[in-house]
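*Asks:* For reference, the structure I am asking about is given below.
Any read-out appearing in this document is the output of simple, stated calculations on the displayed coordinates, not a laboratory observation. Just so you know, these numbers come straight off a predicted model, no measurement behind them. A quick note on method: Cβ atoms are made from the backbone with ideal geometry, for glycine too, and the neighbour counts reach across all protein chains shown.
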Amino acid sequence: MKINKVEYILNKLGESIKLCKPFNLIRLGDGGIKIFHSIIFKDKGQLDSIIEREGLPRNKMDDMLKLWTKFLNEATYIDTPDVYYNGKFWPRYKKGTTPISKRTDIRMRMWKRLYSEFGIKNTKYCNPEFNYLSCIKRENKINLFDILKDRKIMCITTRNEIINILKPISKRVGVKKIVGHNENQYEKSFKRVIDFIESRANNYDLWLVSAGELGRIYTGLIKNLGGRALDTGFVIDYWCTGYIHPRLRRFIKQNPDNKLEFLLTDAGNEYERFI
């Protein structure tokens, strides 16, 4: 199984921006895996918890699933949990070297079956941690900041402060603000964001999407309309707060010369050739 490396994907993104070609990268992560598992195995408790946290429309989950499948199959790249089990990347920890729960591990290992059950046939795979890995400073390799330099950027996020943080790098930065977790994103933000994308998908060089499970639909629609989008997830929160998730701290650390970037730790360097 081929898992495309970070620099290769970033070069493809750079080419797409220069040529004004559509591009996107969508990550399911463990959240998407758990949604698929909940529906197939009728795990109401698990699904209810995700719906509440992510602000998903309970009465429109069939429509959401159809859109996820459509956009995942059309995506330039999608993620695969296989990297955590093939020996070429660090394992999926909960914190430090504490393993993820057995329950989550079982679901992650079922990813092929879950993708298949929902008709996901796209095999242009990337690492689920692409959002973090793309921000690592590595010798003689480009990172996301090389792509953002002097570009027109639009962020879909809860954080308005990202404008001032990215302004020194990018030509123009905007934010389409959404509500956060447990605030009913579908009811309070979804239609506004969709309308905004439909009227402006091609007004920016790149969209950075930090919007949870609904973010896959935003990211898919942007490419569908000819734009370019990355599912950046919690990276935007890191840029605003400096907080690195405990599961990653053994492998990446803040770059003291540029606090938006990461450096690999000694433990992370063991996997550098596979990133």
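*Asks:* May I ask you to compute the full-extension gain from residue 192 to residue 245, defined as 0.36 nm times their residue separation minus their alpha-carbon distance, rounded to one decimal in nm?
*Replies:* Extra length available between residue 192 and residue 245 comes to 16.1 nm.
*Asks:* Further, regarding this structure: What list do you get for 228, 159 if you sort them by fewest beta carbons within 10 Å?
*Replies:* The most exposed by this proxy come first: 159, 228.
*Asks:* If you average the sequence gap of Cα pairs under 8 Å that are 6 or more apart and divide by the length of the chain, what percent do you get for the contact order?
*Replies:* 27
*Asks:* Using DSSP to define loop residues, name the chymotrypsin sites (Phe, Trp or Tyr not before Pro) in segment 147-202 whose beta-carbon has at most 16 other beta-carbon atoms within 10 Å. Mind dumping the intermediate values first?
*Replies:* On the way: sites: 186, 190, 196; in loops: none.
The qualifying sites: there are none.
*Asks:* On to the next question. Taking H placed 1.01 Å from N in the peptide plane, check which residues at least 5 places from residue 173 or on another chain put their amide H under 5 Å from its amide H.
*Replies:* 153
*Asks:* Which residue fluctuates the most in the chain, going by a Gaussian network model with Cα springs under 10 Å, if the choices are 39, 236, 78?
*Replies:* 39
*Asks:* Can you bin every Cα-Cα distance in the chain into 10 Å intervals starting at zero and give me the percent of pairs per bin, rounded to whole numbers?
*Replies:* 7, 30, 38, 22, 3
*Asks:* Please arrange 61, 1, 154 by how many other C-beta atoms lie within 10 Å of their C-beta, fewest to most.
*Replies:* Neighbour counts put them in this order, fewest first: 1, 61, 154.
*Asks:* Report, for the chain, the % of DSSP beta bridges that are antiparallel, rounded to 5.
*Replies:* Working: 6 of 28 bridges.
The answer is about 20 percent antiparallel.
*Asks:* Ok, one more. Are there trypsin sites (Lys or Arg not before Pro) in segment 1-76 that DSSP marks as loop and that have at most 13 other Cβ atoms within 10 Å, and which are they?
*Replies:* Counting only loop positions with at most 13 other Cβ atoms within 10 Å, the trypsin sites (Lys or Arg not before Pro) in segment 1-76 are 2, 42.
*Asks:* Enumerate the calculated ³J(HN,Hα) couplings along segment 206-223 in order (Karplus 6.51 cos²θ - 1.76 cosθ + 1.60, θ = phi - 60°), each rounded to whole Hz, writing x wherever the residue is Gly or Pro.
*Replies:* Values per residue, Gly and Pro as x: 7, 9, 10, 10, 10, 9, x, 5, 5, x, 5, 6, 4, 5, x, 5, 4, 5 Hz.
*Asks:* Summing Lys, Arg as +1 and Asp, Glu as -1, what charge do residues with Cβ under 11 Å from the Cβ of residue 109 carry, residue 109 excluded?
*Replies:* +3
*Asks:* Also, I was wondering about something else. Going by amide H atoms built from the backbone, whose H comes under 5 Å of the H on residue 28, apart from near neighbours?
*Replies:* Answer set, sorted by chain and number: 79.
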